[in-house]
1. For the range 126-141, check the following and say yes or no: at least one residue is within 21 Å of residue 251 (Cα to Cα) and touching an Asp or Glu at 6+ places or on another chain (Cβ under 7 Å).
2. Tell me the residue from 107, 123 that is at pLDDT 95 or above and not in a helix (DSSP H, G or I), please.
3. What is the residue count in the range 153-176 for residues that are more than 16 Å from the ligand (Cβ to nearest atom) and either closer than 22 Å to residue 328 by Cα or modelled with pLDDT under 95 (or both)?
4. Determine whether residue 129 is within 14 Å of the ligand (Cβ to nearest atom), open to solvent by 20 Å² or more (accessible area, probe 1.4 Å) and either free of Cβ contacts under 8 Å to residues at least 24 places away in the same chain or not small (Gly, Ala, Ser) (or both).
5. Could you count how many residues in the range 274-283 are farther than 13 Å from residue 226 by Cβ and away from the ligand (no atom under 16 Å from the Cβ)?
6. Can you tell me how many residues in the range 203-226 are under 27 Å from residue 161 (Cα atoms) and either in contact (Cβ under 8 Å) with a residue 60 or more places away in the chain or of a type outside the set (Ser, Thr, Tyr) (or both)?
7. Taking the condition crowded, with 23+ Cβ neighbours inside 10 Å and more than 14 Å from the ligand (Cβ to nearest atom), does residue 120 pass?
Amino acid sequence: MTNDTRRIYLRPVPCPAGQPGARRLAGGLFGFATIEVLRRDAAPEVLPVDAAVALYPDELDTFQRFSQSRAPLAGLDLSGPRIMGVVNVTPDSFSDGGLLKDPDAAIAHGLALAEAGADILDIGGESTRPGAEPVSVEEELNRVMPVIEGLIDAGCDVPISIDTRKAKVAEAAIAAGAVLFNDVSALTYDRASAEVAARVPALCLMHAQGDPRTMQENPRYGDVLLDIYDFLELRIAAVAATGVAPERIVIDPGIGFGKTLDHNLALIRRLSLFHGLGCPILLGVSRKRFIGALSGVAEAGERVPGSIAAGLAGLDQGAQILRVHDVPATRQAIAVWRAIARDGTKDRAMELSEAVQ
Ligand code: HH2
């Protein structure tokens, strides 16, 4: 954490890509014509892009990262939003623990999510909900491996992600065919993970404050958005130094992992800040506790509408991947959202040629 009060942080403010003067944001559906300048010790300020570029020449690389298209992640094109479908093979996950009691049920669920439009399947064998107890490597392997192997044997053509903090679990999953190592500890939990990450096609670095057992007790930040930016920046650099090309990294602010309601909302509101790190952004809001707090819905499985509202707010900030339990509902929401968002992405030449026809 730098906590440098003089440091400036630049956030591209998303707008329709067709807006005059807009540059395309991370090669996606949106553009940006203004930049919000954030500091730890001053109020935010919004400037036109050209003015910001002129004022902050040292930040040229950051400006370039705002507009660069993101490389495909494990073969997935990221020019539009992607859905990561959750398959929790745990007895205690906060919203679906114990539902997939045996590997066959989990495999069938994964195949159903793929059929319903999931672009990636995230298989997890250890709950990281607030208060969760860790499980052993052996237990986690026993939970996830039959599911990963079963999905691959069943001809599942959707890429598989392994949601684990443990190098041995990631390694076995990758050997069986998983292509994304989704580590909610950003490789800080298990020393051996860096070596595994160097060999995996794609890696998700997520921010968490503290351990699941205690993380919700009293989460604190100087500035939640800027602290997490600093953390992810350091983790990307550390991982890049071990040989992982930045194009293989996806970043995630870790909604609900050591965060209060206000922290979660601040992160979603200004999520586009993280485009400055040059990696695709993954957002996991699905059914989480903050949605219950905002809506008064105690039953996690009934938080689908709130999850979609929060997910679409993330897409409005240019997030590339939504991690969700409810794939069909999310897919429907994205289809409508996308048709509305897309209007602004026509380039001027295309609009003019349409106008003369
Ligand atoms: N959230 C959970 C687990 N893994 N991975 C990423 N990258 N981002 C997230 O937000 C994220 C995650 C928690 O959700 P869930 O898997 O449904 O619950 P549990 O940890 O109780 O199994």
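The values are calculated or read from the model by the stated rules, or taken from the named source; none is laboratory data. Nothing here was measured: the structure is a model prediction, and the numbers come from that model. Methodologically, a virtual Cβ is constructed for each residue, glycine included, from the backbone with ideal geometry; neighbour enumeration extends over all protein chains shown. Accessible surface areas use protein heavy atoms only, side chains included; no ligands, DNA or RNA. Shrake-Rupley method; radii C 1.70, N 1.55, O 1.52, S 1.80 Å.
1. Checking the range 126-141: at least one residue is within 21 Å of residue 251 (Cα to Cα) and touching an Asp or Glu at 6+ places or on another chain (Cβ under 7 Å).
2. Numbers: 107 fails: not in a helix (DSSP H, G or I).
Result: 123 is the single residue among 107, 123 that is at pLDDT 95 or above and not in a helix (DSSP H, G or I).
3. Applying the first criterion (more than 16 Å from the ligand (Cβ to nearest atom)) to the range 153-176 yields 153-158, 167-168, 171-172, 174-176.
In the following step, the residues that additionally are either closer than 22 Å to residue 328 by Cα or modelled with pLDDT under 95 (or both) were identified as 154-158.
Residues that pass the stated criteria total 5.
4. On the way: within 14 Å of the ligand (Cβ to nearest atom): yes; open to solvent by 20 Å² or more (accessible area, probe 1.4 Å): yes; either free of Cβ contacts under 8 Å to residues at least 24 places away in the same chain or not small (Gly, Ala, Ser) (or both): yes.
It is true that residue 129 is within 14 Å of the ligand (Cβ to nearest atom), open to solvent by 20 Å² or more (accessible area, probe 1.4 Å) and either free of Cβ contacts under 8 Å to residues at least 24 places away in the same chain or not small (Gly, Ala, Ser) (or both).
5. Of the residues in the range 274-283, the ones farther than 13 Å from residue 226 by Cβ are 275, 278-283.
If we keep only those that are away from the ligand (no atom under 16 Å from the Cβ) too, we end up with 275, 278.
Qualifying residue count for the region: 2.
6. Restricting attention to the range 203-226, the residues satisfying the condition of being under 27 Å from residue 161 (Cα atoms) are 203-216, 225.
Cutting the leftovers down to either in contact (Cβ under 8 Å) with a residue 60 or more places away in the chain or of a type outside the set (Ser, Thr, Tyr) (or both) gives us 203-213, 215-216, 225.
Number satisfying all stated conditions: 14.
7. Working: crowded, with 23+ Cβ neighbours inside 10 Å: yes; more than 14 Å from the ligand (Cβ to nearest atom): no.
It is false that residue 120 is crowded, with 23+ Cβ neighbours inside 10 Å and more than 14 Å from the ligand (Cβ to nearest atom).
Residue-wise test of (1) among the β-branched types (Val, Ile, Thr); (2) free of Cβ contacts under 8 Å to residues at least 40 places away in the same chain.
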position: 240; (1), (2): no, yes
position: 245; (1), (2): no, yes
position: 256; (1), (2): no, no
position: 266; (1), (2): no, no
position: 277; (1), (2): no, no
position: 281; (1), (2): yes, no
position: 311; (1), (2): no, yes
position: 315; (1), (2): no, no
